[in-house]
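Have a look at the structure below before the remarks.
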Amino acid sequence: MITWSQSIAGIDWHELEALYRAAPLGNKDAAGLQVVYGNSRYCCFAFDQGKLVGAGRALADGLDWSYVCDVAVLPSHQGTGVGKQIVATLVELSQGHRKIILYAVPGKEPFYRKFGFRRMLTAMAIFPDVQDAMARGYVTED
C-alpha cells in the first residue's frame, strides 16, 4: 500500500539520491537534493511499506507561476499510478498560480499532456554543457 507525504521531515536524502539514479533522473547527491527540496514550495513523496518509491517537487512564487520538476519513480513502481499521483498532487497544490510550468525529460511529453501541459514555444535555457543538452534532446541549435 502506498502512503503519501508532502513534508521533507524525516526524508532519507541518500534514499532519494538512489531513487534519482534508479529512475533514472540523473546523479544528484543527497546534500544537493536536501537543498532543492528544502527550497521548494511543494513536495510529494510516495512510500511503499516505508520505502521511498517516488518523489516530486514544485517551485512556486504563490501567484504567477509554479514549476513542477524532478518527478522520479522507481522502475519497480513505474506504470502503477505513482507518478500520475505525484504530478496530480503537485498540479493541485499549484492551483491558483497563473501558469504551471513543467520541464520534462525528452520523450516523456505524452505522459504530461494527460494533465493539460502543452509544449511552450518560447521557453529557453542555459546549460553548462550545451553539446550534452543537445545530444540528450533538451535544446536545439535554433
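Couple of notes before you dig in:
- Restricting Val91, Val73, Val82 to residues that are closer than 22 Å to Ile8 by Cβ and in contact with a helix residue (DSSP H, G or I) (Cβ under 7 Å, 6 or more places away or on another chain) narrows the list to Val73.
- Filtered by the rule that a residue be within 14 Å of the chain's Cα centre (by Cα) and either open to solvent by less than 80 Å² (accessible area, probe 1.4 Å) or on the phi > 0 side of the Ramachandran plot (or both), the stretch 1-20 gives Leu16, Glu17, Leu19, Tyr20.
- Search result, residues across the stretch 10-68 that are farther than 27 Å from Arg118 by Cα, free of Cβ contacts under 8 Å to residues at least 40 places away in the same chain and of a type in the set (S, T, N, Q): Asn27, Gln34
- Condition check for Ile2: in contact (Cβ under 8 Å) with a residue 24 or more places away in the chain, over 16 Å from Val82 (Cβ atoms) and of a type in the set (Val, Ile, Thr): no
- Total residues in the stretch 71-86 satisfying the condition of being assigned to a strand (DSSP E or B) and within 9 Å of the chain's Cα centre (by Cα): the figure is 2.
- Residues being under 22 Å from Gln34 (Cβ atoms) and either open to solvent by 30 Å² or more (accessible area, probe 1.4 Å) or not in a strand (DSSP E or B) (or both) - total across the stretch 53-70: 3
- Every pair of residues 6+ apart whose Cβ atoms lie under 9 Å, when the first sits in the stretch 75-95 and is more than 17 Å from Met1 (Cα to Cα) while the second is in a helix (DSSP H, G or I) and not small (Gly, Ala, Ser): Val87/Phe111; Val87/Tyr112
- Checked against (1) open to solvent by 20 Å² or more (accessible area, probe 1.4 Å); (2) touching a Pro at 6+ places or on another chain (Cβ under 9 Å), Ala23 passes all but condition (1).
- Note on the stretch 80-117: among residues that are within 21 Å of Ala133 (Cα to Cα) and of a type outside the set (A, V, I, L, M, F, W, C), the one that is least open to solvent (accessible area, probe 1.4 Å) is Tyr112.
- Qualifying positions in the stretch 39-52 - open to solvent by less than 20 Å² (accessible area, probe 1.4 Å) and aromatic (Phe, Trp, Tyr): Phe45
- Some residue of the stretch 118-129 being touching a Phe, Trp or Tyr at 6+ places or on another chain (Cβ under 7 Å) and among the β-branched types (Val, Ile, Thr): no
The values are calculated or read from the model by the stated rules, or taken from the named source; none is laboratory data. Since this is a predicted model, take the numbers as computed values, not measurements. Heads up, the Cβs are rebuilt from the backbone with ideal geometry, glycines too, and the neighbour counts pull from every protein chain shown. When the accessible area is computed, the model is the full protein with side chains, heavy atoms only, and any ligands, DNA or RNA have been set aside. Shrake-Rupley method; radii C 1.70, N 1.55, O 1.52, S 1.80 Å.
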